[in-house]
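Working notes for the structure below.
The values are calculated or read from the model by the stated rules, or taken from the named source; none is laboratory data. Just so it is clear, the model here is predicted, and its values are computed rather than measured. Positions of Cβ are backbone-derived with ideal geometry, glycine not excepted, and every protein chain shown enters the neighbour counts.
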Amino acid sequence: MRIEKFITVMLFCASVLVFFPETVGAQEAKGTIKGHIVSLQGREALPGITVLIRNTKLGATTDSEGTYTIANVPAGNYTLEFRAVGYNSLMKTDVQVRPGRITTLEASLADAVIQTGDVVVNAGYFQGPEVSGMGTVNFNNEEIKRSPGAMGDVSRILMAMPSTAKVSDDNNDLVVRGGSPSENGFYVDGIPVPNINHFPSIGSTGGPIGILNVEFIDNFNFLTSGFSPQYGDRLSSIVDINFREGNKEEVDLQADLNWAGFGGALEGPLPGKSGAWLVSFKRSYLDLFSKASGWGMVIRYGDAQAKVTYDLSKKHKLSLLNIFADDHEKFDRKDAIEQGSSYFGEIDNFQNTTGISWKALWNSEMYSFTSISFSMQSFKNDFNKVNASGKYYVADNFEGAYYLKNINYLEPGKHQHLEFGFDIATEEGKYDYTKYANTNRLGAPEGDFAVSRRLMPSRYGAFLTYNIGPLSSFTVSLGLRADYYSLNEEAFLSPRVSVSYEVNSRLRLNANGGIFCQRMPLVLLSQRQGFQKLKNMRAYHLGTGLEYLLSPDMRLTFEVYDKEYTGLPLSKEDPSMSIIDGSLTGSSFGNFDELSGSGKGYTRGLELLIQKKLSENYYGVLSASYFRSKYSDFDGLWHNRAYDNRFIFSFIAGYKPSQEWEISARWTYAGGCPYTPFDEAKSREFNSGMIDENNINSVRYPDYHSLNVRVDKKFFFSSQSLDVYLSVWNAYNRKNVSEYYWNSDKKAMEAIYQWSIMPIFGIEYEL
């Protein structure tokens, strides 16, 4: 049985389900919504809050402990409204009610700015940070799941945002405002996670397939501009993900199957309903069909996640989190040539993050969050050369880190908020790898490059943010972060400021600025003993913009920004190379005998984002950006950075004609990325791709554009539900160039293309 036949059978089965007649008795399928409401500033329970399900007569009021229950809700997707005198009302969209199950929905309400008699502030669909919303985008669980072209992947939905460059269909690398993927930070429930992707690149954050179970994600924030001082050692962005808690009253089961693998999830209460637990697993099955399909490539990956919450009391809660993934790939010379790779062999990786956190509500003015965690990643590679016999690269590398973090939130007075705390990171990097003699991209011979080194750096940080406002429509945030890095013995201060002015109830003007610091990747610093003393990389953020509510459920943001880099790594061995951008291609940043931290760079641009929430039966996201991103090489010459698209346009639209059906589409257009052409005469001489040193990133690939479409169908039974979706990626089969490579068999340059037209299916069963 060939893999094509397998996919055809699965698509046929999914099609039968999608076009099956409406489920008998679907009108009897009902569920329950429960939740807990607290104040945004103090996190204390709010009694007397009115909770309404829009376009129905269903609702409830919170009790003395801030909890509410709405029973007998027909299965489907709803918008809930939370309102009370003295608080800004809030809308929560995409609340999915499943037959016979309890949907838990938490909410935090902010104090109303103006209170006059019994006035209720208009409900809002967008609840951003207390100060400036610049560079911040929020998505909930359903928005991630249904986004066409995202496949339930956090990183892929972010690729539709104006701040991220168009990299490749094949990978989840986030290039945020010109920064390399190594400059992004990921947090799950406040726990730092080095990488949220399968087949990660060492020292970076990219990979082709996401790890996280989207069913566990409640929501996440994507921060790109002047983010809070509580986040350290990152230059470009923060992805702050919140997992929901498990069901505290009953055991729920879920099973799912899609084009890449199968998995399941289970959740339920702890004894005495003192807490809840979640657990899931996923396993690919592509390897099961590799031999039958004639593939020389074998790919196998899997992951498991778990979260346990325990209520010590009404004001104190413990949470345990674990995220695990392992990845295996084996490919032969033929597959390597087809992919344009210079090597073939095996990859064996695994990664795990375990953390425990404590949330404490001390009183109505103060609460805190404390966590301790351990993360580890193992990278084993064994590669051979495509164009000659012998080894190319062998590695057995390990990276691990212990983290301790404490954050405190204090309200010392009216319209004043303090955020302060500290974090400590103790790392270990064990590197044992050899890159064997070869010819580099300039045509120069290189001998064996061997590394066997152990690094054990630490970082100590403290931060303070003082928010004041709103005062006469102004809100100001003053922040400061201090870090000390043991490896290079460098102390660094990072001041940050944000200002927001509310012109009226619909228009807000924002501005922010700040200094950010990050150590170079350990795998790069491991290459030679003296590299550990290199100074840290730095980025200077400056931006201004506006937020305008086109309607209560539709927001427009426009931003202008300037991001300046100093301290980027460079080498005179390959003076034109932007070394930090090596993480884009998984090349482990190259191998160098000499490094300097003299590199500079910048990204400057304009960004427009219009986000329409699903308040009725349609939703959408439109993003557009124009930017330029450049770097200065070792000789002081300026070049385009690897993903300087210049302009990007993306549009997502979805329509729900009923509770059972949904149709959506996503179209993206991006300018071609720059690349360095081959010196064809030299490439033929060495039968390997040798670059033209006089034209670094001077030409561009053809512009990128692609359409993804998706159809979802839900079946509701009395106590179960079945979700089926069919999606087509690159629906009109655009041949988008990924890169050009040197085919050593044909002794000629050829193109590697990104994904051709690809059908995607998924089936999800809930009990």
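Among the residues of the range 688-700, just one is surrounded by fewer than 17 Cβ atoms within 10 Å (Cβ to Cβ) and among the hydroxyl-bearing types (Ser, Thr, Tyr), namely Ser698. Looking only at residues in the range 66-102 that are free of Cβ contacts under 8 Å to residues at least 40 places away in the same chain and not in a strand (DSSP E or B), the one that is nearest to Leu614 (Cα to Cα) is Ala84.
Checking the stated criteria, Asn387 turns out to be in contact (Cβ under 8 Å) with a residue 24 or more places away in the chain, crowded, with 19+ Cβ neighbours inside 10 Å and assigned to a loop (DSSP other than H, G, I, E, B).
How many of the residues making up the range 613-635 are free of Cβ contacts under 8 Å to residues at least 40 places away in the same chain, under 19 Å from Pro674 (Cα atoms) and either out of contact with any strand residue (DSSP E or B) (no Cβ under 7 Å at 6 or more places or on another chain) or not basic (Lys, Arg) (or both)? Residues that pass the stated criteria total 2.
Every residue, every condition in (1) within 23 Å of Leu542 (Cα to Cα); (2) not in a loop (DSSP other than H, G, I, E, B), yes or no:
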{"site": "Ile580", "(1), (2)": "yes, yes"}
{"site": "Gly590", "(1), (2)": "no, no"}
{"site": "Glu594", "(1), (2)": "no, no"}
{"site": "Gly599", "(1), (2)": "yes, yes"}
{"site": "Thr603", "(1), (2)": "yes, yes"}
{"site": "Tyr619", "(1), (2)": "no, yes"}
{"site": "Ser629", "(1), (2)": "yes, yes"}
{"site": "Phe634", "(1), (2)": "no, no"}
{"site": "Ala642", "(1), (2)": "yes, no"}
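Residues of the range 37-54 being touching a strand residue (DSSP E or B) at 6+ places or on another chain (Cβ under 8 Å) and assigned to a loop (DSSP other than H, G, I, E, B), which ones? Hits for the range 37-54 are Leu40, Gln41, Gly42, Arg43, Glu44, Leu46, Gly48, Ile49, Arg54. Restricting attention to the range 596-621, the residues that are of a type in the set (A, V, I, L, M) and closer than 30 Å to Leu525 by Cβ total 0.
Being within 18 Å of Phe374 (Cβ to Cβ), at pLDDT 90 or above and either in contact with an Asp or Glu (Cβ under 7 Å, 6 or more places away or on another chain) or of a type in the set (Val, Ile, Thr) (or both): is that true of Leu404 here? Spelling it out, Leu404 is indeed within 18 Å of Phe374 (Cβ to Cβ), at pLDDT 90 or above and either in contact with an Asp or Glu (Cβ under 7 Å, 6 or more places away or on another chain) or of a type in the set (Val, Ile, Thr) (or both).
Residues that are touching a residue at least 24 places away in the same chain (Cβ under 8 Å), within 22 Å of Phe374 (Cβ to Cβ) and either crowded, with 17+ Cβ neighbours inside 10 Å or out of contact with any Phe, Trp or Tyr (no Cβ under 8 Å at 6 or more places or on another chain) (or both) do not occur anywhere in the range 491-513. Would you point out the residue of the range 686-709, among those that are in contact (Cβ under 8 Å) with a residue 40 or more places away in the chain and more than 32 Å from the chain's Cα centre (by Cα), that is farthest from Pro148 (Cα to Cα)? Out of the qualifying residues, it is Phe686. Would you say Arg244 is of a type in the set (D, E, K, R), touching a residue at least 60 places away in the same chain (Cβ under 8 Å) and under 30 Å from Val497 (Cβ atoms)? Taking the combined requirement at face value, the residue does not satisfy it. Considering Gly413, Gly443, the condition of being out of contact with any strand residue (DSSP E or B) (no Cβ under 6 Å at 6 or more places or on another chain), over 30 Å from Gly590 (Cα atoms) and of a type outside the set (A, V, I, L, M) is satisfied by Gly413 alone. For residues that are surrounded by 18 or more Cβ atoms within 10 Å (Cβ to Cβ) and of a type in the set (D, E, K, R), scanning just the range 323-347, find the one that is nearest to Lys307 (Cα to Cα). That would be Asp327.
Among residues of the range 704-733 being buried (at least 17 other Cβ atoms within 10 Å of the Cβ) and in a loop (DSSP other than H, G, I, E, B), the one that is modelled with the lowest pLDDT is Phe717. Does Phe516 qualify as being more than 23 Å from the chain's Cα centre (by Cα) and either in a loop (DSSP other than H, G, I, E, B) or farther than 30 Å from Asn617 by Cα (or both)? No; evaluated as a whole, the condition is false for this residue.
Counting the residues of the range 208-242 that are hydroxyl-bearing (Ser, Thr, Tyr) and crowded, with 23+ Cβ neighbours inside 10 Å gives 4.
Within the range 86-93, is even one residue within 22 Å of the chain's Cα centre (by Cα) and either at pLDDT 80 or above or of a type in the set (D, E, K, R) (or both)? Yes: one or more hits. In the range 661-687, the qualifying residues are those that are acidic (Asp, Glu) and surrounded by fewer than 17 Cβ atoms within 10 Å (Cβ to Cβ), and the one that is nearest to Lys735 (Cα to Cα) is Glu680.
Only one of the numbered conditions (1) over 30 Å from Ala748 (Cβ atoms); (2) modelled with pLDDT under 95; (3) over 25 Å from the mean Cα position of the chain (by Cα) is violated by Phe420, and that is (2). For the range 117-165, a residue qualifies if it is in contact with a Lys or Arg (Cβ under 8 Å, 6 or more places away or on another chain), under 30 Å from Pro674 (Cα atoms) and at pLDDT below 75, but none of them does. In this entry, Trp358 is excluded by the filter for residues that are surrounded by fewer than 17 Cβ atoms within 10 Å (Cβ to Cβ), at pLDDT 90 or above, of a type outside the set (D, E, K, R) and more than 27 Å from the chain's Cα centre (by Cα). Considering Arg454, Arg496, Arg441, Arg508, the condition of being in a loop (DSSP other than H, G, I, E, B) and touching a Gly at 6+ places or on another chain (Cβ under 8 Å) is satisfied by Arg441 alone. Selection of the range 734-767 for residues being within 19 Å of Trp667 (Cβ to Cβ) and assigned to a loop (DSSP other than H, G, I, E, B) yields Arg734, Lys735, Asn736, Gln754, Trp755, Ser756, Ile757.
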